[in-house]
Amino acid sequence: CGAVGGLMTKGDPADQIKAVRHALSLGINFFDTAPLYGNGASEINVGRIFAELKPDVLLGTKVNVPPEGKADIGAAIDRSIEESLRRLRRDHVDLLQLHNSISPGGAPRDLHPDVVLGEVVPAFEKLQSQGKTGVAGLTATGDTRAIIRVIDTGAFNKQRL
């Protein structure tokens, strides 16, 4: 449901619902979106379509901690998921993924592995315990060694469905 092709971010509502109906008819049962796709448009459109069709599917979205959110990552993640759930018209998502680059330093949107493990993981675990997400994941962009360090901890291999 990303910006590739633009259907779910700026397409015609009739075409959007037709595409989702077609996907469902083919057995597609997982849909992925993010707040960054069309500045929330994808989540809004997915929410509208799913409210109408009420499909039995799995839904994933993402959270991206902006540079100004680094001072309180837990609060930034809470804000992001609450806004996503409002746009999606849901009380939970099946998969929530960290959508920041992970690296030992660099760009303002990058998160250090220690921050991911020490602040992001507890925030995701809290959301899991609240029933707002089932599985915590990450999109794994950034520095390969930093990503492997995070993955090797198993912190993103805990499922709660």
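The values are calculated or read from the model by the stated rules, or taken from the named source; none is laboratory data. Since the structure is predicted, the reported quantities are computational estimates derived from the model, not experimental observations. Note that we place each Cβ from the backbone using ideal geometry, even for glycine, and neighbour counts take in every protein chain shown. Calculation scope for accessible area: heavy atoms of the full protein, side chains included, ligands and nucleic acids excluded. Shrake-Rupley method; radii C 1.70, N 1.55, O 1.52, S 1.80 Å.
Quick notes on this one:
- Dipole magnitude (debye, nearest 20) for the range 15-71, charges at Cβ of Lys, Arg, Asp, Glu: 40 debye
- Solvent-accessible area of Lys54 with every protein chain in place, 1.4 Å probe, in Å² to the nearest 10: 150 Å²
- Length added when fully stretched, Ile148-Asp72, from 0.36 nm per residue minus Cα-Cα: 24.9 nm
- A simple rule links phi to the HN-Hα coupling: the Karplus curve 6.51 cos²θ - 1.76 cosθ + 1.60 with θ = phi - 60°, which for the range 21-38 gives 4, 5, 4, 4, 5, 8, x, 5, 10, 9, 10, 10, 9, 6, x, 6, 6, x Hz, with x for Gly and Pro.
- Ranked from largest to smallest solvent-accessible area, with a 1.4 Å probe on the protein heavy atoms, Arg109, Arg145, Arg90 come out as Arg145, Arg109, Arg90.
- Taking 0.36 nm per residue of sequence separation and removing the Cα-Cα distance, the Asn157/Asp56 pair yields an extension gain of 34.0 nm.
- Taking the convex hull of Cα positions in the chain, its mean projected area over all directions (nm²): 9.3 nm²
- Average accessible area per residue (Å²) across the chain - probe 1.4 Å, nucleic acids and ligands excluded: 51 Å²
- Accessible surface of the chain [probe 1.4 Å, protein heavy atoms]: carbon and sulfur percent: 53 percent
- Here Lys70 is the anchor, and the aspartates and glutamates within straight C-alpha reach of less than 15 Å, apart from those fewer than 8 places off in the same chain, are Asp78, Asp110, Asp114, Glu119.
- Sequence-distant contacts, meaning Cα pairs under 8 Å at least 6 residues apart, place the relative contact order of the chain at 18 percent.
- Compared with the direct C-alpha span, the chain from Asp91 to Gln130 gains 13.0 nm at full extension, assuming 0.36 nm per residue.
- Value of [θ]222 nm, deg cm²/dmol, for the chain, DSSP H segments ≥ 4, -39500 (n - 2.57) each, nearest 500: -12000 deg cm²/dmol
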